[in-house]
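Each remark here refers to the structure printed beneath this line.
Every number in this text was worked out from the coordinates using simple rules, so none of it is lab data. Since we're looking at a predicted model, the values are computed, not measured. We place every Cβ from the backbone using ideal geometry, glycine too, and count neighbours over all the protein chains shown.
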Amino acid sequence: MIGNYIKTSGRNLVRNKLFSSINIIGLAISMSVGLLLIAFMLDLYSYDKFNRNGERIYRITNITTFNSEQNSKVATTSIKAGKLIREKVTGIEEVAILRNGFAQDAKVADNILPIEGFWAEPSLFRIFTFPMLEGNPGTALKEPYSIVLTETAAKKLFGDEPALGKAIAFDTLNYKVTGVMKDVPFFSHIKFEALVSFSSAEQINKDDTDFGAWTSMSSNYVYLLMPENADMPSIRSQLDKIAKEENLAEKSTKIQLELLPLYKIVIGEDLVSMGPVGPHMPPVVLWILGGLALVVILSACFNYTILTIARAMRRFKEVGLRKAIGAGKSQIRQQFLVEAILISLAALLLSFFIFLILRPQLIKMAPEMQHLVKLELSPSMVIAFIIFSVTVGIIAGFMPALFFSKVSAINALRNVSPVKVLKHVSLRRALVVIQYTITLIFITATAIGYVQYKNILAFDLGFKTENILNIDMQGNKTAGLLDELGEIPEVTALSRSMIVTSIGNAWGTFMKYRDSRDSAMVLTNHVDENYLPLHEYRFIAGGNFIGRPTTANAAREVIVNQQVLKRFNIGADDPENAIGEEIVLSYPPDFSEERKMTIVGVIKDFHYGKVQDLIEPVAFQFWTPEDRAIVNVRIRSTDMPTTMAGIEAAWKKIDPVHPFQAEFYDAAIEDAYSELSAMMKIIGFLSFLAISIASMGLFGMVAFTTETRLKEISIRKVLGASSGKLVYLLSRGFIVLLSISAIIALPVTYLFFENVVLTRFPYHTPVHAAELFVGLLVVLFIAFIMIGSQTIKAAKSNPAEVLKGE
């Protein structure tokens, strides 16, 4: 019976080449989006699955509260937490502490190469599946100043020579290679070139009182391996007990320990981390992408339903005859479902080639995408593609199968009117309205989003960013580079800062004024005396830094923005009165260290964070050599490539080892909104697909309508109807449906952006009518081409040829 269904369906597809082609192409275009999404999700859900004990691995995370006000979920935790868990918590198989920040230059003979990795305990190899090629995984990370290299790192440092037992110099210390392991799999949230024994970090930081503090958690991760059938409530209770005991000794910071399963690290809740390990994708993003892909796929399924039901009159007799000779409802449904699945499988072949074309474009869409997914074919991916194709076929064929199975043999042989969804509204017309409503929403959202995105990039941040190059010093001293850059004529100004603001970077501390009980978080940046003039910040009171301290403890001046005065009511609404006032700043790790600072200047409010963030209190402190350094270079050049080559040559003089890392401020701002840019590209691409699919469906409907009304058109021509009137007659119904779609889509899109999307951007520009109607004009233009090409052809037909057989 199935073979008969396939044979009959194949003949029907060949007999109706135009409609079959429209359905196959439409489904193929939409399914290619589905294939990309499936490949993307399979890659994301592949992370850390190489670990044999993956389901039993957990990471400790923190919920931190400061002064009963600030509540943050943090991915990192303290070394002390890891050690207390090992000592006091029963029912845990293994505990491993991992500390990030090992990024140093390795010296082997005359070669100096940068190496990045972690300080780790030996138990890490018992928790994670990192196979060792040389050395003993149980003891390789036991002794201080021992190091385990990945296979690639070993070849980078030693070439083809054996690395085991060799010495590597990092700064003034020699480390012994005690193991060589396989390269870390691509789908691991932990990525490194080397693991250094954690005991080395303890030796290096033995005089640092903050190293093992309960509140010092910015650089450490703690992983647990649970036994089979672990008593999780008991373990959580013991973690709570540890946190409660340790929090008693803390005045302002309270920490709660949480358990995060390994498989929820990459796809899971957003967590704050000053030392991120691996990629992360919020589940909501997958839901949004999945929803958008589903909408496009449903649009193609609507095409199939619309065209199949539109051709109902031609298939009624087929159905009637089948029922007359004994076919039941289930057999009719199976026939139409098989036909739809065959079309979907044919579309799968075409969509696969489209997938191969689009795959590299998706990976290049955002810089982080290249490190997130590979989208390479695997047996599981192929099986998922086939299941997806069959599912799409069932969805597309469901309505036609249900429609035709309900028709009785007598009515089918007599022909019936279309099935009604509502009174006077056919199913076919309802689907056309839904399809074009979705298409209009897509294309209008793209237009609005593009305008808003461009406005964000051109937004007045409150300071200048044009032609400013930010150079990351990567631990080098700034004096040598400043001297070299000062000799370049195109360099017009130089300054130093700790971070680059307005691109998502943030550094903060707590501030107090006269009331010691009233503290608030303020954002900070450490800058030198040239920074504010170079970026043209606007002073409204006071002036630039007066002193030139060389240590952080000696810095006693601060420049604040208007929000600081507003938050603490400093100066009684007159910024001049704030000059000379004293405030108190608290410093990490536990914010117990406090320094009195004098306000020497007040600047106009500016955007420290991204545009979607509200303007907050900001305090500039003086940059000292103890701080991380970014050199800010203002350039005026008519030959930028030559100037950049000169700047890079200056860098090579002071650091021949590390690659030159620099980015223009405007480019950095654009990169900061790369997620928004990627989303705009995705929605724009889906808009193009949606309008293409809808246009093909409209073309098929118009072609079918004009074909079935050809005799009517010929009779009207004989009776004197003009070509214009005939075009109007044939296109009127479609224009009405498009108008209904516009009436629904435009207000919905406008309200969605104004009440949902743009509420995240407090400084957004309002949505204008031009952005709303550009999508409608595009859709109407394409629709007129589709309708006009067929109706004019029908209107110009020769009545004598059409009616000669009557």
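Computed quantities for the displayed model
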{"item": "Histogram of C-alpha separations across the stretch 164-303, 5 Å bin width, %", "result": "2, 6, 10, 13, 14, 16, 12, 10, 7, 4, 3, 2, 1, 1, 0"}
{"item": "Ordering of 432-443, 278-289 by packing [mean C-beta count within 10 Å, highest first]", "result": "432-443, 278-289"}
{"item": "In Å, descending, principal axis extents of the Cα set of the stretch 425-539", "result": "77, 51, 30"}
{"item": "Sorted by Cβ neighbour density within 10 Å, fewest at the top, the residues H371, H764", "result": "H371, H764"}
{"item": "Contour excess over end-to-end distance, with Cα ends at E529 and S234 and 0.36 nm allotted per residue", "result": "100.6 nm"}
{"item": "Efficiency of FRET from Cβ geometry, N553 and A479, R₀ 25 Å, rounded to 0.05", "result": "0.75"}
{"item": "Ranking of M786, M232 by count of other Cβ atoms within 10 Å, fewest first", "result": "M232, M786"}
{"item": "Using θ = phi - 60° and Karplus 6.51 cos²θ - 1.76 cosθ + 1.60, couplings along the stretch 559-568 (whole Hz; Gly, Pro as x)", "result": "10, 10, 9, 4, 5, 5, 4, 5, 5, 9"}
{"item": "Computed E for T172/I792 - FRET, C-beta separation, R0 60 angstrom, nearest 0.05", "result": "0.10"}
{"item": "Around K725: net Lys/Arg minus Asp/Glu count, Cβ-Cβ under 12 Å", "result": "+3"}
{"item": "With Cα atoms, 0 to 90° folded angle of helix 2-15 axis to the chain main axis", "result": "80"}
{"item": "Net charge of neighbours whose Cβ lies under 10 Å from the Cβ of S502, counting Lys and Arg as +1 and Asp and Glu as -1", "result": "0"}
{"item": "Share of Cα-Cα pairs in the stretch 491-635 lying beyond 22 Å, as whole percent", "result": "35"}
{"item": "Simple spin-label estimate for L780 and D207 in nanometres, 7 Å along Cα-Cβ", "result": "7.8"}
{"item": "FRET efficiency, A645 to F773 (Cβ-Cβ, R0 56 Å, nearest 0.05)", "result": "0.70"}
{"item": "For the stretch 452-457, Karplus couplings with θ = phi - 60° (6.51, -1.76, 1.60), whole Hz, Gly/Pro x", "result": "5, 4, 5, 5, 5, 5"}
{"item": "Distant-in-sequence amide H partners of Y608 (H built 1.01 Å from N, under 5 Å)", "result": "E616"}
{"item": "The chain - Rg over Rh from alpha carbon coordinates, Kirkwood radius", "result": "1.06"}
{"item": "Stretch gain in nm, segment I112-V757, where the contour uses 0.36 nm per residue and the Cα spacing is subtracted", "result": "227.2 nm"}
{"item": "Volume per residue that the Cα convex hull of the stretch 56-264 spans, once the total is divided by residue count, Å³", "result": "127"}
{"item": "Binned Cα-Cα distance frequencies in the stretch 678-773 - 5 Å width, integer %", "result": "2, 10, 13, 17, 15, 11, 9, 8, 7, 4, 3, 1, 0"}
{"item": "Backbone HN-Hα couplings from phi across the stretch 255-260 [Karplus 6.51/-1.76/1.60, Hz, Gly and Pro as x]", "result": "10, 10, 8, 10, 10, 10"}
{"item": "Centroid-to-centroid separation of the stretch 363-382 and the stretch 340-361 [C-alpha atoms, Å]", "result": "17"}
{"item": "Hull shadow area, averaged, the stretch 89-154 [alpha-carbon convex hull, nm²]", "result": "5.6"}
{"item": "Calculated on alpha-carbon atoms, Rg and Dmax of the stretch 452-504 in Å", "result": "14.1, 42"}
